[in-house]
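Asker: Here's a structure for you.
Just so it is clear, none of the values below were taken in a lab; they were calculated from the coordinates. All values derive from a computational prediction rather than experimental measurement. Cβ sites come from the backbone with ideal geometry, for glycine too, and all protein chains shown count toward neighbours.
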Amino acid sequence: MQTMTETERNNAIVTTMELNERVRELEQTIAQSGNNEIVADLACVADSLAFQLRESILELVRQNLGPKQQDNLMLVLRKAGEWLAAERAELQRPPQQFSGLRISEAARRLRELDDFEMFLRDMARDILRIMADHNFQRSQ
């Protein structure tokens, strides 16, 4: 496995960020649309793009796994976990005054956090496996 040059890595990051933006825009469009066949097709496209995004991120990880990069990845994963815990605690805090809208909005955001946490945990598991494989191969 060959490490990427800085230019290759920067280009891959820009491409990944663009793909992430397209996935986000498509997901917003789907969320705003009604239920019909076109929306179902768009959801399939969004799922496919999300899969490509995930694979692109994992490929960046595979090709840039020096000790410093591994430490940085672990820091990012820890910080993301801390952010999720803080956000969840804030959303679960009882509202100051009763508001049905506030409660339903908090419930929706909690569901989104759960989905993101599942994505993050899956990604972290894959990243940790890649790092373990990389470190094992380097020690051989």
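Asker: Testing the spin-label approximation: label points 7 Å from Cα along Cα→Cβ at LEU42 and GLU82. State their distance in nm.
Answerer: Between LEU42 and GLU82, the simple spin-label model gives 3.8 nm.
Asker: Same structure, new question: What is the magnitude of the charge dipole of the range 1-83 about its Cα centre, with +1 placed on the Cβ of each Lys and Arg, -1 on the Cβ of each Asp and Glu, and no other charges, expressed in debye to the nearest 20?
Answerer: Here the size comes out at about 400 debye.
Asker: Turning to a different aspect of this structure: I need the calculated FRET efficiency for the pair LEU120 and ASN72, taking r as the beta carbon distance and R₀ as 25 Å, to the nearest 0.05.
Answerer: My answer for the efficiency is 0.95.
Asker: Next question, about the same structure. Evaluate E = 1/(1 + (r/R0)^6) for GLU25 and SER139, where r is the Cβ-Cβ distance and R0 equals 30 Å; express this FRET efficiency to the nearest 0.05.
Answerer: With R0 = 30 Å, the Cβ-Cβ based efficiency is 0.10.
Asker: How long is the gain from GLU6 to LEU110 if the chain were fully straight, where each residue apart is worth 0.36 nm and the alpha carbon distance is subtracted?
Answerer: 33.6 nm
Asker: Using only alpha carbon positions, build the gyration tensor of the chain, then give the equivalent ellipsoid semi-axes as the square roots of 5 times its eigenvalues, largest first, whole angstrom.
Answerer: 33, 22, 12
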